[in-house]
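The values are calculated or read from the model by the stated rules, or taken from the named source; none is laboratory data. As the structure is a computational prediction, the values presented were derived from the model and not from experiment. Positions of Cβ are generated from backbone atoms using ideal geometry, with glycine treated the same way; all protein chains shown enter the neighbour counts. Protein only, heavy atoms only, side chains kept; ligands, DNA and RNA dropped before computing areas. Shrake-Rupley method; radii C 1.70, N 1.55, O 1.52, S 1.80 Å.
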Amino acid sequence: MPNLTGLRTVRISGENRHLPVEWRPFRPVVRPLTRCIRFQEKVLAIPLLQKLMVGAYIVRQHVIGNKRYPLALMLEPLFRCNLACAGCGKIDYPDAILNQRLSIEECLGSVDECGAPVVSIAGGEPLLHRDMPAIVQGIIARRKFVYLCTNALLMEKKLDDYKPSPFFVWSVHLDGDQQMHDHSVCQEGVYDRAVAAIAAAKARGFRVNINCTLFNDARPERVARFFDSVMDMGVDGITVSPGYAYERAPDQQHFLNRDKTKTLFRGILARAGEVRKWSFSQSSLFLDFLAGNQTYHCTPWGNPARTVFGWQRPCYLLGEGYAKTFKELMESTDWDKYGTGNYEKCADCMVHSGFEATAVTDTVLHPLKAFKVSLVGMRTEGKFAPDIPLDKQRPAEYVFSKHVEIALADIKRSGSGDKVERAETVAAQ
């Protein structure tokens, strides 16, 4: 097509857009605009309905003056899993605790009590819970957005128990390509089964995300190729985060510190060139934070965790105490004791469960800053933003064994140690 008189042709997002010739001197503006349009079309994987409902919820909290409010409930109805990943610190419990389950009523009561617009169901492996379909359906009936996390070993078998819905997303654990993921979960063949389950779910009309955790052996170019491959699978979004250094994780050698996290994500995002079509189910400011361009404190109450022990203090990643109710959690937790700069266990944390809520709040309070990041993309060169000093942090406390002892005593008193039949787990294999 010949160039139109008085216009110059610029190709934006695969289409020829005609701009005035006078725009030629402003090429540094046109190129970021091109990236911005492409970013909006390809990178944001959160559906419009969810954006509107979550956005309205956030605005309502600010209007009523609520400074601390949850964005996503992390619901852990069981700790039992059918894998034993080296970087996991969630399943190291005696059988009496692994046999515990939150009931349908407890799960839905927690959703109502918390009031967050999003519920992420984790574990353990949620699909081992025989009442999971009823739990998911009950949450959807409340018009909450459900992310059902799974390692996908049981996913194909369980697909008939669920129906596609704009409020439901499968969140499949994939930590890289076949070799990377099978190494991460310490079992061969898991990647192939997850990929097959993703294909089966997409064929039935489900929304499917992948949840990717990265460690210090990740290489930017390899992660970039992996992101390309999952988009080719047809996944709707990518949730990515550095791994948290769980104190009970079998492998303590491969967790990232903050500088290595920033360097890794700069290397990955630098490869998100014009031909990439990655869709992140995360805010642009959180990705900018991972790239070392934002100085954020975490928001531990943004993703509160409800487990078989109760409401976990202070966050999804740290279990340093438990409250009986969500109200008690919010009102009695000394939040200033935790977070980077305040507590040794939080020093290297940059995980989405702690910082995505911070980034979302920053987006609401500073929309122009968020728009600028969307416009020009994440900076992948130059100095990092100033980090939070660690010289005044309090030393780590190790209380895992005490909480296990308390839980076992409670189970013994209630006689619920055999509450869950082992046949349930066996039948699910």
_Net charge over other residues, Cβ less than 13 angstrom from the Cβ of Leu408 (K, R count +1; D, E count -1)_ = 0
*Gain in length, Asp387 to Arg142, computed as 0.36 nm per residue apart minus the alpha-carbon separation, to one decimal in nm?*
84.2 nm
*What residues qualify as long-range amide H neighbours of Val146, i.e. H under 5 Å apart, gap of 5 or more or another chain, H built at 1.01 Å from N?*
Val119, Phe168, Val169
*How big is segment 108-221 on each of its three principal axes, counting only the C-alpha atoms and giving the largest first in Å?*
41, 28, 24
*Give or take rounding to whole Å, what are the principal axis extents of the alpha carbon atoms in segment 330-424, in descending order?*
59, 37, 29
*Any chance you could look up the accessible area of Thr239 with a 1.4 Å probe, heavy atoms only, rounded to 10 Å²?*
20 Å²
*Where the only charges are on Cβ atoms (+1 Lys, Arg; -1 Asp, Glu), what is the dipole of segment 274-398 about its Cα centre, to the nearest 20 debye?*
300 debye
*Would you kindly state how much longer the chain becomes between Asp160 and Arg68 on full extension, computed as 0.36 nm times their sequence separation minus their alpha carbon distance, in nm to one decimal?*
29.3 nm
*Go through 378-387, 184-193 and give me the packing order, highest mean Cβ count within 10 Å leading.*
184-193, 378-387
*Once the Cβ-Cβ distance between Leu368 and Asp95 is put in as r, and R0 is 60 Å, what FRET efficiency do you end up with, to the nearest 0.05?*
0.65
_Total charge dipole magnitude, segment 120-176, about the Cα centre, Cβ charges on Lys, Arg, Asp, Glu only, Debye to nearest 20_ = 320 debye
*segment 179-337, dipole about Cα centre (Lys/Arg Cβ +1, Asp/Glu Cβ -1), debye to the nearest 20*: 280 debye
*If Lys and Arg each add +1 and Asp and Glu each add -1, what is the summed charge of the other residues whose beta carbon sits under 10 Å from the beta carbon of Leu127?*
+1
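Is there a pair in Lys163/Lys327; Lys51/Lys392; Lys327/Lys412; Lys277/Lys345; Lys144/Lys402 whose C-alpha atoms are over 31 Å apart, and which pairs would that be?
Table pairs above 31 Å Cα-Cα are Lys163/Lys327; Lys51/Lys392; Lys277/Lys345; Lys144/Lys402.
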*Surface/4 of the Cα convex hull for segment 211-362, nm²*: 9.9 nm²
*Can you give the net charge of the other residues whose Cβ lies under 15 Å from the Cβ of Pro117, counting K and R as +1 and D and E as -1?*
+2
*asked:* Using +1 at the C-beta of Lys and Arg and -1 at the C-beta of Asp and Glu, which of Phe309, Gln393, Leu365 has the Cα lying farthest in the positive direction of the dipole of segment 275-426?
replied: Leu365
*asked:* Going by average Cβ density within 10 Å per residue, which order do the peptides 218-227, 347-356 take, highest to lowest?
replied: 347-356, 218-227
*Extreme residue, positive dipole direction of segment 293-428, given options Ser374, Gly354, Asn293 (C-beta unit charges)*: Ser374
